[in-house]
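> Questions regarding the structure given below will be posed in turn.
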Amino acid sequence: MEMIHYHFETLASTNDWAKSQLETFAKDKLTVVTTDTQTRGRGQYGRTWISPKGKNLYASFCFFIEQDKYEPLALTRLLALSLARVLEGYGVVCRFKHPNDLLVNGEKIAGILSETIPFPPQLGVIIGVGLNVNMSKEELDQIDQPATSLKNETQKEWDIPKILEELQNTLQTDLIHRL
């Protein structure tokens, strides 16, 4: 599956931008939208996602599937499993917390937000992920729930584009085997 990547310095939300552009995306390709910071990043139940510039991975993965072929929650889990495998490769073991969080030692390291839009006979799927990568303990303490980052867990800085590349490759392989 060919991939198209849009990157921005700042967006309100990668999911919101993807949703506004979805009808222009190629139906046979995986489109990835990333940004260095989000001004209105959001999580489940409309919670604000803290999005400091250049510290984390903010990405939305967009593709089309046959309508009624897959449950959207299963696709959320697919991204969660793909991300968990990438993190395990870094020595960070995650646990999936239903319906859309990845936890390390009981603290949130990533959140996933899925949205679907009908394009009969297809369904447009947008799966956004926020992964805490290089946030310090002080920054994490500003979040309204227990949170961690790769840096906090491993005591080292991480290359966000490299993580994105590994996640894209893993998710792409997983999608090919599932769709």
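The values are calculated or read from the model by the stated rules, or taken from the named source; none is laboratory data. Just so it is clear, the structure is predicted and the values come from calculations on it, not from any experiment. Ideal geometry is used to build each Cβ from the backbone, glycine not excepted, and the neighbour counts take in all protein chains shown.
> Taking the condition of being within 14 Å of residue 30 (Cα to Cα) and either of a type in the set (Asp, Glu) or without any contact (Cβ under 8 Å) to a residue 60 or more places away in the chain (or both), how many residues in region 133-172 meet it?
Of the residues in that region, 2 qualify.
> Right, next: Identify all residues within region 36-45 that are surrounded by fewer than 19 Cβ atoms within 10 Å (Cβ to Cβ) and at pLDDT 65 or above; write none if there are none.
36, 37, 39, 40
> Within region 159-179, take every residue that is over 13 Å from the mean Cα position of the chain (by Cα) and of a type in the set (Asp, Glu) and give me the one that is nearest to residue 2 (Cα to Cα).
Ranking the qualifying residues of region 159-179, first place goes to 174.
> Can you name every residue in region 123-179 that is outside any helix (DSSP H, G or I), of a type in the set (Ser, Thr, Tyr) and crowded, with 17+ Cβ neighbours inside 10 Å?
If the condition is that a residue be outside any helix (DSSP H, G or I), of a type in the set (Ser, Thr, Tyr) and crowded, with 17+ Cβ neighbours inside 10 Å, then 148, 149 are the ones that fit.
> Oh, and also: Determine whether region 103-118 contains at least one residue that is within 18 Å of residue 169 (Cα to Cα) and at pLDDT below 95.
Yes, some residue in region 103-118 is within 18 Å of residue 169 (Cα to Cα) and at pLDDT below 95.
> Across region 78-105, which residue is surrounded by the fewest Cβ atoms within 10 Å (Cβ to Cβ) among those that are assigned to a loop (DSSP other than H, G, I, E, B) and of a type in the set (A, V, I, L, M)?
Out of the qualifying residues, it is 93.
> Residue pairs, Cβ under 7 Å, 6 or more apart or interchain, first in region 4-28 and assigned to a strand (DSSP E or B) and of a type in the set (D, E, K, R), second surrounded by fewer than 19 Cβ atoms within 10 Å (Cβ to Cβ) and at pLDDT 95 or above. List them.
Partner pairs satisfying both residue conditions: 9/36.
> Suppose we keep only residues that are part of a helix (DSSP H, G or I) and in contact with a strand residue (DSSP E or B) (Cβ under 8 Å, 6 or more places away or on another chain) within region 63-77. Which one would you say is surrounded by the fewest Cβ atoms within 10 Å (Cβ to Cβ)?
Initially, region 63-77 is screened for residues part of a helix (DSSP H, G or I), giving 72-77.
In the following step, the residues that additionally are in contact with a strand residue (DSSP E or B) (Cβ under 8 Å, 6 or more places away or on another chain) were identified as 72-73, 75-77.
On the way: 72: 15, 73: 12, 75: 24, 76: 21, 77: 17.
Among them, the one singled out is 73.
> Would you be able to say whether some residue in region 119-126 is within 15 Å of residue 59 (Cβ to Cβ) and out of contact with any Pro (no Cβ under 6 Å at 6 or more places or on another chain)?
Checked region 119-126: at least one residue is within 15 Å of residue 59 (Cβ to Cβ) and out of contact with any Pro (no Cβ under 6 Å at 6 or more places or on another chain).
> Here's a follow-up. Considering every residue within region 54-62, establish whether at least one is without any contact (Cβ under 8 Å) to a residue 60 or more places away in the chain, exposed (fewer than 12 other Cβ atoms within 10 Å of the Cβ) and either touching a strand residue (DSSP E or B) at 6+ places or on another chain (Cβ under 9 Å) or in a loop (DSSP other than H, G, I, E, B) (or both).
no
> Is it fair to say residue 108 is in a loop (DSSP other than H, G, I, E, B) and not small (Gly, Ala, Ser)? Please lay out each step first, then the result.
On the way: in a loop (DSSP other than H, G, I, E, B): no; not small (Gly, Ala, Ser): yes.
For residue 108, the condition - in a loop (DSSP other than H, G, I, E, B) and not small (Gly, Ala, Ser) - is not met.
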